[in-house]
Amino acid sequence: MTEKKEKTEDIKIDESLYSRQLYVMGEEAMKRLTSNHVLLIGLNGVGVELAKNIILAGVKSVTLWDDKNVEISDLGSQFYFKVEDVGKNRAKTSLTKLKELNEYVDVQLSTKEINQEFVQEFQVVVCCGILSLEELLRVSDLCHEENVKFISCDTRGIYINLFCDFGTDFTIYDANGEPDLTTMITSITKANPGVVTNTMEARHGFEDGDWVEFSEVGGMTELNGTKRQIKYMNPYEFSIGDTSDLSEYKLEGSGGYATQTKVPFKVSYKSLRQALDEPEFNITDWFRMDRPKDMLLTWKAFYQYLKDNKLPKPHNVEAYEAVLKIAKEINISQEGNDKLHVENVDEKLVQEFVYTSMGAINPLTAALGGIVGQEVMKACTGKFTPLNQFLFVEFPEALPKDFLELPAEEFEPENSRYDSYIAIFGKTIQNKVRNLKYFLVGAGAIGCEMLKNWAMIGLGSGEKGQIYVTDMDTIERSNLNRQFLFRDYDINQLKDATAAKASKEMNQELKIKTFSNRVGKETENIYTAEFYENLDGVCNALDNIQARTYIDQNCVFYGKSLLESGTLGTKGNTQVIAPHLTECYSDSRDPPEKGIPQCTLHNFPNKIDHTIQWARDKFGGLFSNLPNNIQNFIKKESFIKDLKKQPAGVIVETLTNLKIHLIDEKPNDFNDCVVWARNLFQELYYNNIAQLLFVYPKNAKDTQGNKFWSGQKRAPDPIVFDIEEEDHINFVYATSNLRAMIFNIDTVSDIEVVKKLVTQVKVEEFVPKEGVKIKVDEKDEDEEEEIDDDEKIIDELIVSLPKQEELKNLQVMPQKFEKDDDSNFHIDFITACSNLRAINYKIPTATRLKTKGIAGKIIPALATTTASVAGFVVLELYKLVQEKPVESYRNTFMNLALPYFGFSEPIPPKTEKYLENGEETWTIWDNILLENGQNLTLKDFHEHFLQKYKYDTKMMSHDGIMLYNGYIQKPDETKIIDLFEENFGPIEKHQKYLTVTVTCLDQNNKIVNTPTIKIKIRN
């Protein structure tokens, strides 16, 4: 087994492909992943989902093994099968498509006997959908004996079954994948145990049993560089064992840091044979902690039934009675074993299980395939905590109302690709799904998974069905790692069109229309009232809050359901939003991200995030904003006139920069660019730091007499340029090339050339300035430099600038920040720029990959999480079709790293009260519709409310603009539509409704809130 694994130090990771996954897994775990060989037994729906996920993830090889042939019902979940493949071998049919997913993964077939010798070739073996318990036990025993990780998984109807055995000596390197926390220390007691107190500005965030490493500790210096296991005391204190023989702690400089560190540990797992008698369960429903025992019993009885019988047809009463009898016999045999025995066999569970067992539906195979894919990655890498050991999940709330009483004919197979769905949901519901009209916003990772699911369930494939999808983005190489509908040859193509074409290949019956644009105010002439009113629902596959909120508002306005989901590395969530039943997306979104204080960025950074943001800002100022100003000065005749509308300080700064870069330091060749880059290094990392220390020396005191440089204010040191230091020369290399690109000068890719040029640059000696004021606190007022005789200075600067006609041939190319182009020097500059700043302040530097992630605000992503999230979302769609009550829906919260799965009932919408023929309530989903809006006057509006609700309308507004104030004017014959055009301009031809909010008084002169008022102005 081990001889097939490569030495991880020899493995190179393609960052352009795996970048988003690297931010989750880390480089070392990725190297371990890419050296593992996986055997996949069973290419059913779960099998192909798993294969897709681990191939995209980048294991070394995947070997496919399957002795079964394609059946028509397989087409409902195995997305690489077509009708013409029926009767062909499942593994062989899947091979070509799977090989296309990742050029770095060796995908092959095998028909070898599964024996001890064969199993030894792999690090992980996975059995998917194997219906023989004896065969599962045999393979499990082989793997356990050879210390090969073993996984078995299956879906039957609306039930999921997963088991993991990673051997008796498995190493976990990182249990949760969370970033290591760091806390700033203010004291450490010399005692047994020693107590560490951190700054009161933030909680330490550590947990009992964590390990921390110490650095920069004053006085008790023996701790520096050592690791200690902690005991949690409170959010601001923890103990670290005996410190009585150490030196006294002294609060010096930062006070010291304690940084969480991951310590590998060993775990042991039972074989499947052992675990069936002594099971360990993962709980998904904390209100029914014994439920896994019911599930295990049902699966055991089902496997035993299949020893002598075929897979039962839907609603087969005889099969149900037989399985129930077996379950009761097994339960009797398990009396005395509290881990297995149940008080009463759940007959309803057994009946629903057997009735639906023929069905394998893509929402569940996708969800399970994602979960299993992550378990395989854990098995290969030791990254994250493996499942311990059984996982059972069920979704009986998705079944049709009165499922057990419905006639068997409703669920009989039709020899079609949808037979699995008919077996579970029935023909009526499946026909509704096929005739749905749905709008998918976004065709990225979740969008691709969603379209695949929709292709499998047949959404939009019926006579009245239709899928609409839009995404204005084009495909990039980094997308290929998780957006599995795209290939290398699709790069630079539109995402929505490419995804639509690929999903239609999976199910040619689909009807899809693509728009390739952004959904927003600017496209409301396309996504009109008629467009939304014609829909059955909307599904978001977006990665930004602004777009999600806009779609959410439209769904509320038009009364449409919304399926919402998102991922962040191993974490995923889903939210079903049903009209009048649940709150909307905007009711529970996350708070905005906190920014970094400007004084921290400019003078007092203490984290690498601070220096990266500072470097990102420098990039924007030097290579985007500055050249944009130059370009506008050259091309825009009104530039000076427009500039003069700004404050004097801004005008002088802008004009001074123009003079510097168009006259004083305008580069003529690459050597000039190197000179400028070297001088910029001197300014940023020596002169500015020396000036700061001149104003606030290291022994400076604040106004209270305390040390100025203490706590989060880290005293910096200037950096002397050294050509042999990597970050030094990398800064000059990237900066000079960016400067050259801006002024259309040929770049130089050979860093040795830059080294030779930079040695010839002479730098002026720094002389500190007197009277410089530096902002040390956000509460301090910004110091604006006073400019004497500013008009004269501005006029002189304008005169000094070249005439626009003299610059007409000058080509300036501002740089728009692009994180994923490794040849454009953008990330190279920010990495070097940030790391040098970090060195100034003695902050640990960051790798290029980490810098890229923070500067580019890259969202860590995995194909596994995406697949699971999409599967759970589509299952909710089946509930929406059935118009289920709110208690049937489930929002999902999961973290595959832990692993954790939580399913909760959606929160109902907040209610308000108002009077309409008595006391009534309303929610955000309600509105008051007024017809004939084209001619509706203020007087008509006022009288309508007075007569129907006995409300006196006092104020009317739209989008924060007051249209009518009843306190100072009477309602007259002014048309409301005229008020809109007067305040907002001509009404677009596509606009069907006007909306207003009103303030009313009831008969007791109390203010009353009402729903949104919709005024219909067109049919």
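The values are calculated or read from the model by the stated rules, or taken from the named source; none is laboratory data. The shown structure was predicted, so the numbers you read here are calculated from the model rather than taken from an experiment. Positions of Cβ are generated from backbone atoms using ideal geometry, with glycine treated the same way; all protein chains shown enter the neighbour counts. Accessible surface areas use protein heavy atoms only, side chains included; no ligands, DNA or RNA. Shrake-Rupley method; radii C 1.70, N 1.55, O 1.52, S 1.80 Å.
Would you please name the GluC sites (Glu not before Pro) within the range 331-388 that are DSSP coil residues with at most 12 other C-beta atoms within 10 Å of their C-beta?
Glu335, Glu343
Using Cα-Cα distances under 8 Å and only pairs 6 or more residues apart, what relative contact order does the range 652-791 have, in percent?
After rounding, I find 30 percent.
Could you tell me the extents of the range 414-553's C-alpha atoms along the three principal axes, largest first, rounded to whole Å?
43, 38, 22
Grab the beta carbon distance between Leu568 and Asn517, set R0 = 41 Å, and tell me the FRET efficiency rounded to 0.05.
So, using R0 = 41 Å, E works out to roughly 0.95.
As a quick test, which of the pairs Lys149/Lys852; Lys112/Lys300; Lys92/Lys571 have an alpha carbon distance above 32 angstrom in this structure?
Lys149/Lys852; Lys92/Lys571
Give me the percent of accessible area attributable to carbon and sulfur for the chain, probe 1.4 angstrom.
Ligands and nucleic acids excluded, carbon and sulfur reach 46 percent.
For the range 675-749, which trypsin sites (Lys or Arg not before Pro) are both in a DSSP coil and crowded by at most 13 other Cβ atoms within 10 Å?
Here the trypsin sites (Lys or Arg not before Pro) that fit, given the DSSP loop and packing criteria, are Lys698.
Sum up the charges of everything whose Cβ sits under 14 Å from the Cβ of Asn809, counting Lys and Arg as +1 and Asp and Glu as -1, but leave Asn809 out.
+2
Per residue, how large is the accessible surface of the range 657-804? Use a 1.4 angstrom probe and give square angstrom.
60
Enumerate the calculated ³J(HN,Hα) couplings along the range 99-112 in order (Karplus 6.51 cos²θ - 1.76 cosθ + 1.60, θ = phi - 60°), each rounded to whole Hz, writing x wherever the residue is Gly or Pro.
Listing the rounded values in order: 5, 6, 5, 7, 5, 8, 9, 7, 10, 9, 9, 8, 10, 5 Hz.
Run through all the Cα pairs of the range 819-953 and give the fraction in each 10 Å bin from 0, expressed as whole percent.
Over the range 819-953, the share of Cα pairs per 10 Å bin runs 8, 19, 16, 16, 17, 15, 9, 0 percent.
Please report, in whole Å³, the volume per residue of the convex hull around the C-alpha atoms of the chain.
Each residue corresponds to 239 Å³ of Cα convex hull volume.
In Å, what is the Rg of the alpha-carbon atoms in the range 268-377, and how long is Dmax?
15.0, 42
Can you give the direction-averaged projected area of the convex hull of the alpha-carbon atoms in the range 103-174, in nm²?
Its average projected convex-hull area is 7.1 nm².
Using just the alpha carbons, could you tell me how many Å³ per residue the convex hull of the range 833-893 encloses?
With only Cα atoms used, the range 833-893 gives 127 Å³ per residue.
The range 789-854: percent of C-alpha pairs farther apart than 20 Å?
Taking all Cα-Cα pairs of the range 789-854, the fraction more than 20 Å apart is 57 percent.
After finding the eigenvalues of the alpha carbon gyration tensor for the range 134-255, what semi-axes result from the square roots of 5 times each, listed largest first in whole Å?
Equivalent-ellipsoid dimensions as semi-axes: 46, 17, 11 Å.
Please compute the alpha carbon radius of gyration of the range 229-289, then divide it by the globular-protein estimate 2.2 N^0.38 Å. Two decimals is fine.
Relative to the 2.2 N^0.38 Å estimate, the range 229-289 comes out at 2.02.
How long is the gain from Ala547 to Lys954 if the chain were fully straight, where each residue apart is worth 0.36 nm and the alpha carbon distance is subtracted?
143.2 nm
Looking at the chain, send over the antiparallel percent of its DSSP beta bridges, to the nearest 5.
The antiparallel proportion sits near 65 percent.
Straight-line reach from Lys989: which lysines have Cα under 21 Å away, leaving out those fewer than 8 places along the same chain?
Lys521, Lys975, Lys1014, Lys1016
So what is the accessible area of the range 39-104 per residue, in Å², with the probe set to 1.4 Å?
Accessible surface, normalised per residue, equals 32 Å².
Could you state the accessible area per residue of the range 150-231 in Å², with a 1.4 Å probe and every protein chain left in place?
Each residue of the range 150-231 exposes 41 Å² on average to a 1.4 Å probe.
One quarter of the convex hull surface, Cα atoms only: what value does that give for the range 742-893 in nm²?
The number I arrive at for the range 742-893 is 21.0 nm².
Taking amide H positions as placed 1.01 Å from N in the peptide plane, with prolines and chain starts having none, which residues 5 or more places from Asn606, or on another chain, fall under 5 Å of its amide H?
The answer is none.
What chymotrypsin sites (Phe, Trp or Tyr not before Pro) in the range 918-981 are in a loop by DSSP, with at most 12 other Cβ atoms within 10 Å of the Cβ?
Tyr967
Would you mind checking which residues have amide H under 5 Å from Leu406's amide H? H placed 1.01 Å from N; only 5 or more apart, or other chain.
none
Report the net charge of residues surrounding Lys427, where surrounding means a beta-carbon distance below 12 angstrom and charges are Lys +1, Arg +1, Asp -1, Glu -1.
Taking every Cβ under 12 Å from that of Lys427, the sum is -3.
When all alpha-carbon pairs of the range 923-997 are counted, what percent fall beyond 13 Å?
Taking all Cα-Cα pairs of the range 923-997, the fraction more than 13 Å apart is 70 percent.
Dividing the Cα convex hull volume of the range 299-358 by residue count, how many Å³ per residue is that?
Cα convex hull per residue, to the nearest whole number: 74 Å³.
Subtract the Cα-Cα distance of Phe694 and Asn224 from 0.36 nm times their separation in residues, and report this length gain in nm to one decimal.
Length gained between Phe694 and Asn224: 166.2 nm.
Between Rg and the Kirkwood Rh of the range 614-747, both from Cα atoms, what is the Rg to Rh ratio?
Here Rg/Rh amounts to 1.06.
Rg/Rh for the range 880-976: what does it come to with C-alpha atoms and Rh from Kirkwood?
Ratio of gyration radius to Kirkwood radius for the range 880-976: 1.21.
Quick check on my link table: of Lys68/Lys452; Lys635/Lys819; Lys250/Lys707; Lys644/Lys808, which ones sit more than 19 Å apart, alpha carbon to alpha carbon?
In this structure, Lys68/Lys452; Lys635/Lys819; Lys644/Lys808 exceed 19 Å between Cα atoms.
What does the C-alpha gyration tensor say about the overall shape of the range 487-563? Classify as rounded when a/c is under 1.5, otherwise prolate if a/b is larger than b/c, or oblate.
Judged from the Cα gyration tensor, the range 487-563 comes out prolate (a/c at least 1.5, a/b above b/c).
Express as a percent, rounded to the nearest 5, the fraction of DSSP beta bridges in the range 927-1012 (both residues included) that run antiparallel.
Approximately 90 percent, going by the DSSP bridge assignments.
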